[in-house]
Number of protein chains: 2
Amino acid sequence: MAMHMAMEVDQADDPRLQAYTSIREKDLTSGHGARFIIEGKVTLETALRRGRFKLESLFLAASRLEPLADLLAEVPADVPVYVAPQDVMDTVVGFPMHRGVLACGIKGEIPFPANFLDADAKTGGPSTLLMLSGLSNHDNVGACFRNAAAFGADAVLMDGQCCDPLYRKAIRVSSGASLWLPYAHGGTGADMVHAAQAAGYEVWAMTPRAKAQTLGTLRVPEKLAILLGAEGPGLPDDLIAAATPVRIPMSSGFDSVNVATAGAITLAHVFGARESP
Amino acid sequence: MAMHMAMEVDQADDPRLQAYTSIREKDLTSGHGARFIIEGKVTLETALRRGRFKLESLFLAASRLEPLADLLAEVPADVPVYVAPQDVMDTVVGFPMHRGVLACGIKGEIPFPANFLDADAKTGGPSTLLMLSGLSNHDNVGACFRNAAAFGADAVLMDGQCCDPLYRKAIRVSSGASLWLPYAHGGTGADMVHAAQAAGYEVWAMTPRAKAQTLGTLRVPEKLAILLGAEGPGLPDDLIAAATPVRIPMSSGFDSVNVATAGAITLAHVFGARESP
């Protein structure tokens, strides 16, 4: 079995570990071209076997080197693997990193939704997009990616008011889906909706408003974009007006589910309808 | 407008505030008859207007007294309202309590699922129960309550391996639903399943296993119990064997959603089927 060459690092201030310092405090992924951090064995596996981003380096606690030997054999030869004692790792990252597995990825250029739709428009067959407007909570964005992946959505499109799906916690909650599922990010919600419509997508604006049609009564179109707004305020009026308002039937006394859950219910319905029309 | 008599407390070690000390460290709800803590204005509203538990006291930051006057008028006269400066409150609870609103409730006796089913068996009309086995994550249990409430489930039944739905974070994630939605807690998963079946419920064991029937192909029975197991391990074999295994159709490459999300998809499907059979 090939074993990747590991480089031992003994000093927490070693400049090669700069990407890993105080990772809880800084959001590494602000702006294009920046780095992002993944953590844990399962996510590293996803990044190596399925991820669409280049890894810049790995950073492991020394005790993890042997148990991870099989996985490390899959690391490209030009990606350095830094190894340090657990206490050095804890000092670098700024808290006890029990999992002992980190990697740094290169984010690169992420297209705006309109550009993504120009470049990646599917020419035939059914297509489902999940579109997010104003979701600033990392858990919700991560959960949206996980659900989009589970129900076979082709991509996630986000306006510029959404937070970064490559934030550490968003990747974790997504079960690694944000590392491989195509996505676009930036611009206004209105631009995103109009671009989807111009590309032939019917847009369902998910909203609890009474006048919206209910999920079960609508025909699922060949090209469908499911649009979700932030929990609390929900989708702004202009986006609802620009699309087809759709409501998930709920109990009248308590009509509120988490935004990612609302997306999952809709995605599951669409997936089921396409499997057995 | 009636204003509830507020009692000023200036010392963090005042014995009347004992229930509120270091609330992050202790799980107040272990064991029957214990207390639980709720936080925030919205949850307090739910507890006062809809909750099924008696409140023992309220504890507010002084700055919140006036803005909450309307709500405080609803507090029963025998429930003391303690008021302290923000810094005293922070010292008592052990961290900055920005919301400035806490209350302490009395949990009382929570029945086991089998006893609950004996006492509360619905005699007519459709009924949906959500049953949880081995869910030890507070976020997941809270989210299950929120989803059960949103889709009109009659109760949540939990085996003894589940965590307490009155844990502070579980209440918050439930949007307060665990304060009013009837629930039972304790005993084994097998006892719970058998008790539901003895009470006339068909039990759907939600599982990704290939041989399970898919959600959309099953008739929704008049009395249905939806059974969920812990994320990761899922439901144990004996519980799946004792019930009707049901699968949510998913993408073959990534067949995993959060357990509360799987419950929401099933509950939404059942709610929709009952609304328009």
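Quick check on my filter: what residues within the stretch B:236-256 are away from chain A (no Cβ under 14 Å) and touching a residue at least 12 places away in the same chain (Cβ under 8 Å)? Correct list: B:236, B:238, B:239, B:240, B:242, B:243, B:244, B:245. Among the numbered conditions (1) at the interface with another protein chain (Cβ under 9 Å from one of its Cβ atoms); (2) in contact with a helix residue (DSSP H, G or I) (Cβ under 7 Å, 6 or more places away or on another chain); (3) charged (D, E, K, R), the only one that residue B:275 does not meet is (2).
Highlighted here are the strands (runs of 3 or more DSSP E) found entirely within the stretch B:167-277 that include at least 2 residues which are aliphatic (A, V, I, L, M): B:202-206, B:223-229. Cβ-Cβ contacts under 8 Å between residues 6 or more apart (or on different chains), taken from a first residue in the stretch A:54-67 that is not assigned by TED's automatic domain parsing to the domain that holds residue A:81 to a second residue that is of a type in the set (Val, Ile, Thr), are absent. One residue stands out among those in the stretch B:1-60 that are part of a loop (DSSP other than H, G, I, E, B), under 24 Å from residue B:85 (Cβ atoms) and among the polar types (S, T, N, Q): the one that is modelled with the highest pLDDT, which is B:11.
Just to be sure I understand the filter: pairs with C-beta atoms under 9 Å, separated by 6 or more residues or on different chains, first member in the stretch B:209-235 and in the same structural domain as residue B:154 (by TED's automatic domain parsing) and free of Cβ contacts under 8 Å to residues at least 60 places away in the same chain, second member charged (D, E, K, R) and assigned to a loop (DSSP other than H, G, I, E, B). Which pairs pass? Short answer, once both residue conditions are applied: B:234/B:209.
Among all positions in the stretch B:78-86, there is no residue which is aromatic (Phe, Trp, Tyr) and more than 30 Å from residue B:63 (Cα to Cα). Picking from residues in the stretch A:223-249 that are over 24 Å from the mean Cα position of the chain (by Cα) and open to solvent by 40 Å² or more (accessible area, probe 1.4 Å), the one that is nearest to residue B:275 (Cα to Cα) is A:247.
For residue B:167, the criteria (1) at pLDDT below 95; (2) open to solvent by 50 Å² or more (accessible area, probe 1.4 Å); (3) of a type outside the set (Asp, Glu); (4) over 15 Å from the mean Cα position of the chain (by Cα) hold in every case but one, which is (4).
From the residues in the stretch A:71-115 that are open to solvent by less than 20 Å² (accessible area, probe 1.4 Å) and part of a helix (DSSP H, G or I), which one is farthest from residue A:39 (Cα to Cα)? Among residues in the stretch A:71-115 that are open to solvent by less than 20 Å² (accessible area, probe 1.4 Å) and part of a helix (DSSP H, G or I), the one farthest from residue A:39 (Cα to Cα) is A:113.
Here residue B:120 does not fit the description of being modelled with pLDDT under 95, open to solvent by 10 Å² or more (accessible area, probe 1.4 Å), closer than 17 Å to residue B:24 by Cα and of a type in the set (Asp, Glu).
The values are calculated or read from the model by the stated rules, or taken from the named source; none is laboratory data. What you see is a predicted model, and the numbers here were worked out from it, not measured in a lab. Reconstructed Cβ throughout: ideal geometry from the backbone, glycine too, with neighbour counts over all protein chains shown. What goes into the accessible areas is simple: the full protein's heavy atoms, side chains included, and nothing from ligands, DNA or RNA. Shrake-Rupley method; radii C 1.70, N 1.55, O 1.52, S 1.80 Å.
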